[in-house]
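Working notes, structure below.
The values are calculated or read from the model by the stated rules, or taken from the named source; none is laboratory data. Computed from a prediction, not measured in an experiment: that's the story for all the values here. Please note: Cβ atoms are built from the backbone with ideal geometry, for glycine as well, and neighbour counts cover all protein chains shown. For the accessible areas, the whole protein counts, side chains as well, though only heavy atoms, and no ligand, DNA or RNA atoms are used. Shrake-Rupley method; radii C 1.70, N 1.55, O 1.52, S 1.80 Å.
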Amino acid sequence: MNKKDAGKAVELAEILNLRDKKRLIVSRGDQVEIPVVECDLVSLKSLKEMAEFEFEIVEQQKPVYARARNLKDALKQKLPESEMKKLEKLIPSAYKVIGNVILVKMPEELRDYARLIGETLLEINPHCKSVWWDRGKRGMLRKPDVELIAGSGGETVHREWGCLYRFDVSKVMFSPGNQAERMRMGTIVGNEVVVDMFAGIGYFTIPMAKKAKVYAIEINPDSYHYLIENIKLNEVEDRVIPVLGDSMFVTPERVADRVVMGHINCHEFLPVAIRALKGKGWIHYHESVPEAVLERPVRRVISAARAEGKNARIECVKKVKNYSPGVIHVVVDAYIY
Ligand SMILES: C[S@@+](CC[C@H](N)C(=O)[O-])C[C@H]1O[C@@H](n2cnc3c(N)ncnc32)[C@H](O)[C@@H]1O
């Protein structure tokens, strides 16, 4: 249709509920294409009768699709309405973008659509190279339970608060929800000695090593490999002593001003942590705790200190994030003396 009538045409298409918003209005020379949904003869007749301008209904040769804002909008453009209605509640409304890799949690009922969902996520995040179905973490090593659903490659570099973390999402975990805690550890620390008993890829070690000397202990060889990479990437080789092993047995004694226990299930390691301190100092003890027994982490720190012949002054208990329904991840800051 002619460009001069475009405004009126859009208005009319909207009144009749015929406008196809998945496609953009395209202008070619003095002509304009206003995409409409597939319409029945009655709607077409009303359009013809009501329009006070000339227009032609044609098959659009080069449609330009509107960029979907989210996964659901993007899938609406690909799946029939009836199918979309069935799936709508199951389709994830959020997903994590870590560097150039996407992690998405979704229910098993979407298995037949996993590839489509993965490819669609890559389309709406053109800078990303792969999409992984995230089913959580397994066991004490917190290994990721993930499956590749689109693209290729799991290695990525995440940038956060001046720190770089390289890792492979299919081999080691990374928790974006712990970001504030990683920053806090980088701020709280001074020119001192720290023992990071569950270092992983350097989640806390890297920000703390900007100021402190850090013993970084990690048991999983995959995580340890990236810990070493990240020490180099962040140029903190002179301040980190990486140790591959079980912190229950390899943690040095009487060396630290501060001990970080960044594992959500590590209460059995409290005596080792207390012995790592130079007689007195700080412990940052993490635990995932049901809301019904919120005092449990504090009780555990106090009784571990007593068993080692020490006192514990509880400075604060902070929520790190929601862990699962009714369970939260907390960190206890305790001064042991
Ligand atoms: C849950 S991750 C750390 C998460 C981290 N706090 C964050 O902010 O994302 C815990 C790490 O502890 C390691 N780990 C588990 N048991 C260990 C042990 N006995 N000794 C040393 N490292 C251990 C795991 O391999 C894993 O890399």
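Of the residues screened, TYR215 is not one that is outside any helix (DSSP H, G or I), near the ligand (Cβ under 10 Å from one of its atoms), in contact (Cβ under 8 Å) with a residue 40 or more places away in the chain and more than 18 Å from ASN265 (Cβ to Cβ).
Okay, residues lined up against (1) at pLDDT 80 or above; (2) not aliphatic (A, V, I, L, M):
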{"position": "VAL10", "(1), (2)": "yes, no"}
{"position": "LEU16", "(1), (2)": "no, no"}
{"position": "ILE25", "(1), (2)": "yes, no"}
{"position": "GLY29", "(1), (2)": "yes, yes"}
{"position": "PRO35", "(1), (2)": "yes, yes"}
{"position": "VAL42", "(1), (2)": "no, no"}
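Contact annotation: residue pairs with Cβ atoms under 6 Å, 6 or more positions apart or on different chains, pairing a residue in the stretch 127-148 that is in contact (Cβ under 8 Å) with a residue 12 or more places away in the chain with a partner that is surrounded by 16 or more Cβ atoms within 10 Å (Cβ to Cβ) and of a type in the set (Asp, Glu), are VAL146/ASP134. Out of LYS171, LYS76, LYS105, one residue alone is touching a Lys or Arg at 6+ places or on another chain (Cβ under 9 Å), within 28 Å of MET208 (Cβ to Cβ) and open to solvent by 70 Å² or more (accessible area, probe 1.4 Å). It is LYS171. Across the stretch 271-286, the qualifying residues are those that are assigned to a strand (DSSP E or B), at pLDDT 95 or above and more than 21 Å from HIS329 (Cα to Cα), and the one among them that is farthest from the ligand (Cβ to nearest atom) is LYS280.
MET248 satisfies every condition listed in (1) open to solvent by 50 Å² or more (accessible area, probe 1.4 Å); (2) part of a strand (DSSP E or B); (3) within 15 Å of the ligand (Cβ to nearest atom) except (2).
Would you mind stating whether ILE228 is surrounded by fewer than 23 Cβ atoms within 10 Å (Cβ to Cβ), within 27 Å of the chain's Cα centre (by Cα), outside any loop (DSSP other than H, G, I, E, B) and of a type in the set (A, V, I, L, M)? The answer is yes for ILE228.
Quick one: which of GLU123, GLU109 is touching a residue at least 24 places away in the same chain (Cβ under 8 Å) and either more than 16 Å from the ligand (Cβ to nearest atom) or part of a loop (DSSP other than H, G, I, E, B) (or both)?
Details: GLU109 fails: touching a residue at least 24 places away in the same chain (Cβ under 8 Å).
Within the list GLU123, GLU109, the selection yields GLU123.
Residues of the stretch 132-163 that are of a type outside the set (Val, Ile, Thr), more than 15 Å from the ligand (Cβ to nearest atom) and at pLDDT 95 or above: TRP132, TRP133, GLU147, LEU148, ALA150, GLY151, SER152, GLY153, GLY154, GLU155.
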